[in-house]
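Enquirer: Dumping the structure here so I can ask a few things about it.
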Amino acid sequence: MKLFIDTANIDEIKEAASWGILDGCTTNPSLIAREGRDFAAAVHEICEIVQGPVSAEVVAQDADGMLEEAALLRQIHPHVVIKLPMSHEGLKACRALSDEGTPVNMTLIFSVNQAVLAAKAGAAYVSPFIGRIDDTGQDGIAVLSDIIDVFNTYYFETEVLAASIRHTAHALDAARLGSHVSTMPFKVMKAMAYHPLTDKGNAAFLADWAKVPGDGLIPTVERFLATRQKESA
Ligand code: E4P
């Protein structure tokens, strides 16, 4: 299972990358706008930090325009994956890019049928928007589950990328269902590490450690090792 971060914020990306768990990054025009900086420079900086696929989205709405933008985006950095909006024109561009070996992330997927078409057009990833489906009163995780089932039935090579993840329960459900990738905001990724029993257990271990005779872990171990070295010399 791969974990992508869903942000264009450099500090968040650096922090998540430092944990050694980051497989990729997804951006979209809204996330880029939030950072208030030059688009191409931001994408390049993200690609230098993230040692994996970084989705950068086109804004053209026709296939020719998408292909023109994609050709430029790909020159920013080899990590760039072209994010295309789900549409007939997006499918056309997806097929052309996939045929030339350019990875595509088909975004704004809200149904199994859309995901099937994107896979048939050769997309490397399809991105069902779980949270936004929930927002409409429908069940985003059920749609994700159906997409995964259908893809497994037909051995589609396209990876399912659970997107619009809003909280840790979404992340847990996506993992349980076998989503190939989950992309999530930094705050959700950070929250995945927390458990009150971990904090409680760690506090108890530290309190008990204070009762262990000696002057601390490092001096105690260093003294022990030095003594052993002397004895074996
Ligand atoms: C990821 O590729 C999407 O752009 C993102 O997950 C959308 O999330 P949102 O619905 O929280 O904006």
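Taken together, the values in this text are just the output of simple stated rules run on the coordinates, not laboratory data. In this text, all values refer to a predicted model and were calculated from it rather than measured experimentally. Positions of Cβ are backbone-derived with ideal geometry, glycine not excepted, and every protein chain shown enters the neighbour counts.
Enquirer: Could you check how many percent of all C-alpha pairs in segment 118-185 are farther apart than 18 Å?
Expert: Roughly 30 percent, once rounded to a whole number.
Enquirer: May I ask which of Lys83/Lys120; Lys14/Lys187; Lys2/Lys190; Lys14/Lys190; Lys2/Lys187; Lys2/Lys200 have a Cα-Cα span longer than 19 Å here?
Expert: Lys2/Lys200
Enquirer: Let me ask you something else. With contacts defined as alpha carbon pairs under 8 Å and 6 or more residues apart, what's the relative contact order of segment 123-233 in percent?
Expert: RCO, segment 123-233: 21 percent.
Enquirer: Okay, moving on. Using alpha carbons only, how many angstrom separate the centre of segment 132-173 from the centre of segment 89-128?
Expert: Result: 16 Å between the Cα centres.
Enquirer: Summing +1 for each Lys or Arg and -1 for each Asp or Glu, what net charge is found among the other residues whose Cβ lies under 12 Å from the Cβ of Val188?
Expert: In short, +1.
Enquirer: Given Cα pairs under 8 Å that are at least 6 residues apart, what percent is the relative contact order of segment 2-191?
Expert: Normalised by residue count, the contact order of segment 2-191 is 18 percent.
Enquirer: OK, next. When 1/r is averaged over all different Cα pairs and the result inverted, which Kirkwood radius in Å belongs to segment 42-98?
Expert: Final number for the Kirkwood radius of segment 42-98 is 11.4 Å.
Enquirer: From the Cα gyration tensor of segment 1-77, with a ≥ b ≥ c the square roots of its eigenvalues, which class applies: rounded if a/c is under 1.5, or else prolate if a/b is larger than b/c, or else oblate?
Expert: Prolate, because a/c is 1.5 or more and a/b exceeds b/c.
Enquirer: Roughly how many nanometres apart are two label points built 7 Å out from the Cα toward the Cβ at Val150 and Lys211?
Expert: It is 6.0 nm.
Enquirer: Given the C-alpha atoms of the chain, compute the convex hull and give its volume per residue in Å³.
Expert: 195 Å³
Enquirer: Would segment 1-134 count as rounded, prolate or oblate if I go by the C-alpha gyration tensor, calling it rounded below 1.5 in a/c and otherwise prolate when a/b exceeds b/c, oblate otherwise?
Expert: prolate
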